[in-house]
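Take a look at the structure set out below.
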Amino acid sequence: MSGDWKDQGWDAQDWDGQDWEAAAAGEIDEQDLRVLATLRTVVQASDPVPSGLAERAKFAMSVAALEAEIAEITTTTAELAGVRSTRYDRAGTITFSSDQLSAMITIEVVDGGNARLSGWVSTGSTHVELRERSRTQETTTDDAGRFTFSSVERGMIHLVLRRLDDPQSRPVITPAIEI
């Protein structure tokens with residue numbers, strides 16, 4: 001069918017005598033709220049929001065806002081590439097690469113809920129921002145490109161790297177990883 005209901009010869013009161021245009025233009029009432037709640041329940045049950053979608057959307061918006069370059073994971077230790085477990089016995093190492101720089105991080109669990117993250121960046125002085133679930137930590141690399149975060153919450157994290165030797169360069173963002 002083409003056109004709207006008026007083009008089809010229908011009247012706004014044809015179904016049950018109610019003026020649907022007036023009802024649609026009115027305030028949302030309790031019945032509307034009940035209908036919307038029922039609709040939400042049906043949609044959530046039949047087509048739930050994918051796990052992690054909100055975090056991925058926030059990350060994508062952060063990248064777009066920063067006009068940043070995305071680093072790729074180039075190498076990992078076998079334990080990080082394998083199946084997730086709740087026990088971590090050794091430090092894991094991940095290397096990220098982009099056109100501008102390379103960064104390597106080592107993750108070592110220091111207690112049940114926290115880890116130590118040590119890293120190295122291939123360029124000169126670099127501002128390093130660690131984004132965690134509930135906070136952001138910042139540091140600057142030393143002369144050799146090293147940096148450390150001594151208390152990192154376990155969960156999803158990513159790094160934002162900004163070269164201080166080239167202020168015109170775009171920030172580099174690592175993919176989110178779970179520690």
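The values are calculated or read from the model by the stated rules, or taken from the named source; none is laboratory data. From a predicted model like this one, the values you see are computed outputs, not experimental measurements. Cβ sites come from the backbone with ideal geometry, for glycine too, and all protein chains shown count toward neighbours.
If you go through the range 25-63 and keep only what is under 19 Å from residue 156 (Cβ atoms) and assigned to a helix (DSSP H, G or I), you end up with 53, 54, 55, 56, 57, 58, 59, 60, 61, 62, 63. Would you confirm whether or not the range 39-61 contains a residue that is modelled with pLDDT under 75, within 34 Å of the chain's Cα centre (by Cα) and either on the phi > 0 side of the Ramachandran plot or surrounded by 10 or more Cβ atoms within 10 Å (Cβ to Cβ) (or both)? Within the range 39-61 (the criterion being modelled with pLDDT under 75, within 34 Å of the chain's Cα centre (by Cα) and either on the phi > 0 side of the Ramachandran plot or surrounded by 10 or more Cβ atoms within 10 Å (Cβ to Cβ) (or both)), the answer is yes, since at least one residue qualifies.
Scanning the range 31-71 for residues that are hydroxyl-bearing (Ser, Thr, Tyr) and free of Cβ contacts under 8 Å to residues at least 24 places away in the same chain yields 38, 41, 46, 51. Restricting attention to the range 133-152 and to residues that are at pLDDT 90 or above and among the charged types (D, E, K, R), the residue that is nearest to the chain's Cα centre (by Cα) turns out to be 135.
Among the residues of the range 95-102, none qualifies, meaning not one is within 30 Å of residue 142 (Cα to Cα) and either modelled with pLDDT under 85 or touching a Cys at 6+ places or on another chain (Cβ under 8 Å) (or both). Within the range 138-171, being in contact with a Ser or Thr (Cβ under 8 Å, 6 or more places away or on another chain), free of Cβ contacts under 8 Å to residues at least 40 places away in the same chain and assigned to a strand (DSSP E or B) holds for 139, 140, 146, 147, 148, 149, 162.
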